[in-house]
Amino acid sequence: MFSGAVSFNQDLYFDTSSVTNMAGMFFGATNFNGEIFFNTTLVTTMAAMFSGAVSFNQDLYFDTSSVTNMAGMFFGATNFNGEIFFNTTLVTTMAAMFSGAVSFNQGLKSFNTDNVVDMKDMFRSATTFNQDLNSFNTSSVTNMEGMFFEAANFNGEISKQKQRCFDDCTVHSCTVSNNIDTVFHNASKFNSELSKFTISKNTNIHKSKSEKFPYIHPLSSRFYLSQKSKNSQMHYNIFFIIFFYFGLFIKLHSGDK
């Protein structure tokens, strides 16, 4: 609705009581920082709602009790650090939800993640984020690839979660088992307990130092991180952003025909 409206910046008091889809609503609205007074009771998707809204920084009190998709909701919302009061009981995907939200550092204890299956890149490059996530139930999660990729400040507690992929688990039950080397890649401050982290024999872990990937020491529960070249990482980040935006564009316009 306001996608690409780079000058728009007004408070909003719309009657949205019949709206079910707010995906990409403020996508790329780079100047928007208005207060939002929406009835979101029937909304089922907020995917990429504030993606690229680089000025937005408001607390959000949305009724999200019907929302199932929050993928990329704050992707690239570089100024966002508002408090979030969400009911996430029905949400199944939080992929890239805070990816690139470099200012975000709020607690997420209110999040109910019982039904979430996809947390891929959830905090990727959220360089300020450092909150405990013990309240997360990740027992349904099947994909954690890149979840804390380059979350450089993250050292939150995760060992007390009710989970399949972080605690008392066989990682092979998750898609992350095929790419576990990216979960904490370049999360340079991360040093929380992972003693119950059980690695499947099929897990793909790059152990060679010459490959410059994170690896798990055979005698330790912690990850030891090595650095990829800055140039290689920059190219990877550019590719990731282009891929995400292209996919979102196709999704948002697929119903226009």
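Computed from the coordinates by the stated procedures, all read-outs in this text should not be read as laboratory data. Everything quoted here is computed from the prediction, not taken from an experiment. Quick reminder, even Gly has a Cβ in these numbers, built from the backbone with ideal geometry, and neighbours come from all protein chains shown.
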Inset, instruction - Give segment 49-67 a look and list any residue that's farther than 26 Å from residue 143 by Cα and out of contact with any Gly (no Cβ under 9 Å at 6 or more places or on another chain), or say none. - result: 55, 61, 62, 63
Inset, instruction - Quickly run through segment 53-69 and pick out the residues that are of a type outside the set (Gly, Ala, Ser) and either more than 18 Å from residue 29 (Cα to Cα) or not in a loop (DSSP other than H, G, I, E, B) (or both). - result: 60, 61, 62, 63, 64, 67, 68, 69
Legend entry - Filter result for the condition that a residue is buried (at least 20 other Cβ atoms within 10 Å of the Cβ), under 23 Å from residue 140 (Cβ atoms) and either in contact (Cβ under 8 Å) with a residue 40 or more places away in the chain or more than 13 Å from the chain's Cα centre (by Cα) (or both), over 122, 22, 46, 70: 46
Inset, instruction - Would you point out which residue out of 81, 69, 87, 115 is in contact with a strand residue (DSSP E or B) (Cβ under 6 Å, 6 or more places away or on another chain) and within 28 Å of residue 21 (Cβ to Cβ)? - result: 69
